[in-house]
Structure formats: C-alpha cells, structure tokens
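First up is the structure itself, then whatever we jot down about it.
The values are calculated or read from the model by the stated rules, or taken from the named source; none is laboratory data. Given the structure is predicted, the values throughout are model-derived calculations rather than measurements. So basically every Cβ, Gly included, is an ideal-geometry build from the backbone, and we count neighbours across all protein chains shown.
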Amino acid sequence: MYRSIEGQVYTRQEYMGGIPTCRVTQFDTGNLKTPFPVMLSLEGEEASQVRDIALEAARVSAVRVLEKMAPNAYHLKVRRYPHQILREHKMAMGAGADRISDGMRRAFGKPVGHAVRSQIGMILLTIYTTADHVDAAKEALRKASHKLPTPTRVIIEGLN
C-alpha cells in the first residue's frame, strides 16, 4: 500500500499535528569507536517507499545476527532518515457505518507513520567490519533485506 511513490513529498511537520514518532530507535549500533577496514552496504534496486517500521525490523534482524556471529566487531549504520509523513483516510467499517461515514469527502487523511523515499541505487544500511567477519555481515544484510519492501543487493568495499 505504501510501497509505491505517489504524490508530492509531505515532510513539513510544523504545519501538522498528531504525527507519530519515528520508529527507528538507533541509527548507529555496535562498536562506534574502532575504524573498520571493510564496508558492506545494502542498496535498493527499485524506487520505493520504505516505512520506518520496516527499517527498524531490518536493523534489529541484522544486529541479532551480528551480535551472535561477530560480537563487538561491527558498526551498523542506518543511512536514511524517514522524513516522508504517511497519511491514511480511515473509513468506518461495520453495521451502520454508511450513516456515519462521509465517503471520500475531504479525504486528506491523518498522519499514520514515516517513510524513506528511496531511489534506485540508494544505500539503506551499511555495516563496517573486519575481513574475518565479512560472511557474518553478508548474512546479516541478507536477513535484513527480507524485511524491506524493495529488492536489494549487497555491495562490498575495502576487501582485497
């Protein structure tokens, strides 16, 4: 429903009220002090909208794999902030709803969440790690890609 990019960008929060908070809790996790030589990135292959809930689910699944297979030998970074605000026109359902509902009259919608508008080739997640833990980082990004609504690919830099 929210996967396709439609309409104008809707980001000005100061003009609207009742916006739920962003669900991504941490944008940088792991060992933040150590510089790691290898960088693995998860890149989107199609233009789509990625909800903040999907980004958070991808981050959590990647961290779960990395904590088990490469503890304290990674730095995971969520590379995009969900600025786009999603709106939904909630319709009344059930018996007698036809007397309450106004249909599509003034159907601007209420804010329900946030999303990232990702274009082709946009990097969503990055893992910095050592050469010994490249396989663990690949597996973490593979599992994270299952949580995202767009097809992705892994790009590896810094590995000789």
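Any idea which of R117, R153 is of a type in the set (D, E, K, R) and touching an Asp or Glu at 6+ places or on another chain (Cβ under 8 Å)?
R153
When you go through (1) over 16 Å from A140 (Cβ atoms); (2) surrounded by fewer than 15 Cβ atoms within 10 Å (Cβ to Cβ) one by one for K68, which number turns out not to apply?
(1)
Can you report the number of residues in region 121-142 which are touching a strand residue (DSSP E or B) at 6+ places or on another chain (Cβ under 7 Å), of a type outside the set (F, W, Y), surrounded by 14 or more Cβ atoms within 10 Å (Cβ to Cβ) and over 29 Å from R12 (Cα atoms)?
Matching residues across region 121-142 total 9.
For region 62-80, check the following and say yes or no: at least one residue is outside any helix (DSSP H, G or I) and of a type in the set (D, E).
The answer is no; no qualifying residue exists.
Of the residues G103, G94, G113, G121, only one is outside any helix (DSSP H, G or I) and touching a helix residue (DSSP H, G or I) at 6+ places or on another chain (Cβ under 7 Å); which?
G113
Which ones in region 35-55 are of a type in the set (D, E, K, R) and in a loop (DSSP other than H, G, I, E, B)?
Result: E45, E46.
Within region 1-49, can you find the residues that are in contact with a strand residue (DSSP E or B) (Cβ under 7 Å, 6 or more places away or on another chain), at pLDDT below 95 and at positive phi?
Result: G18, single match.
With S145, S118 as the choices, which residue is closer than 27 Å to V9 by Cβ, of a type in the set (G, A, S), modelled with pLDDT of 95 or more and out of contact with any Phe, Trp or Tyr (no Cβ under 6 Å at 6 or more places or on another chain)?
S145
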